[in-house]
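Working notes, beginning with the structure itself.
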Amino acid sequence: MNANYERSLAIVKPDGMKHRDTIGRRIREAGFTIVQSRIVRLTPEQASEFYRSKQTEPNYHALIVALTEGPIEALCVSRIDAIAELLWLVGPERHQEAVRAAPGSLRAMFADSRDELRNAVHASEDPEAARAEIRFFFPTLLLEPIFSEQRQHDYLAAMVNPILMEGLLLLAKERPPEPVRWLSDWLLLNNPYKPKVVSAPAEPLYNVGGTKRGGTVDGISQVQGGHVGAQSECGCSEYRTKGLCSCSLSTIAEME
């Protein structure tokens, strides 16, 4: 089974803030992890930016008023199928419909029965809205894919555990005075995924003197009529022999 971990955004609106502790507890009890939260008070300009997708709706300006009449709490939440599950937990937009169709939902419990716009809680409607809304309130939060527990386990088993076990076995044999530092240094030196340093090719790849060259060297095409790179003159034996050395090689942008 491939679990679909997602992130979504919940907002406790001004009219729901008196219940925010209970709302937060209900969200956690529903299996959500609160990744990050913040309490803010939006200006009308910020609220209009947040509700940009609803500009054509007849109650657009009333939505802005309802969102800016007091502080709000924004919560980035995560779990399997977070977007759909949060919408189900929050319930239908109108209080009467929420009471009838989802009596255990947050809106059934906390929305204002006399004003459908003051429905206590907002939830992202779809994945695109979730990404945009999370970025709106948490611009520095990384929105990387969230892997399922099985995929995390498979990654660790394949990519991390083999080299880590090798290091731990050597650590047990060596018994150094500072085991943590020894292991960290050993892992840095023996990391199988670190970039490999490639030595300079036997023949220069760059049009050093400005003369026209063609063909390929080690599968790399030479550019006709222009420099792809520049090698500053060097006094080492490698430069005198090959016309190129690894002492001071600089690359510049290719020019037509």
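Values quoted throughout were computed directly from the atomic coordinates according to the rules given, and no laboratory measurement underlies them. In this text the structure is predicted, and so the values were computed from the model without any measurement. Methodologically, a virtual Cβ is constructed for each residue, glycine included, from the backbone with ideal geometry; neighbour enumeration extends over all protein chains shown.
Quick check for me: using +1 on Lys/Arg Cβ and -1 on Asp/Glu Cβ, what's the dipole size of region 73-194 about its Cα centre, in debye to the nearest 20?
Values: 13 positive and 19 negative charges, 63 e Å.
Charge dipole, region 73-194, about its Cα centre: 300 debye, nearest 20.
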Could you tell me whether region 38-148 comes out rounded, prolate or oblate from its Cα gyration tensor? Rule is a ≥ b ≥ c as square roots of the eigenvalues, rounded for a/c under 1.5, then prolate if a/b exceeds b/c, otherwise oblate. oblate
Using θ = phi - 60° and the Karplus curve 6.51 cos²θ - 1.76 cosθ + 1.60, what whole-Hz ³J(HN,Hα) does each residue of region 67-74 get, with Gly and Pro shown as x? 7, 10, 7, x, x, 10, 10, 9
Highest mean first, what order results for 73-80, 177-184 on Cβ atoms within 10 Å? 73-80, 177-184
Between region 1-77 and region 117-134, what is the separation of their alpha carbon centroids in Å? 6
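Would you mind counting up the charge near F137? Only other residues with Cβ under 11 Å from its Cβ, with Lys and Arg at +1 and Asp and Glu at -1.
On the way: positive: R38, R135; negative: E73, E133.
Surrounding charge for F137 is 0.
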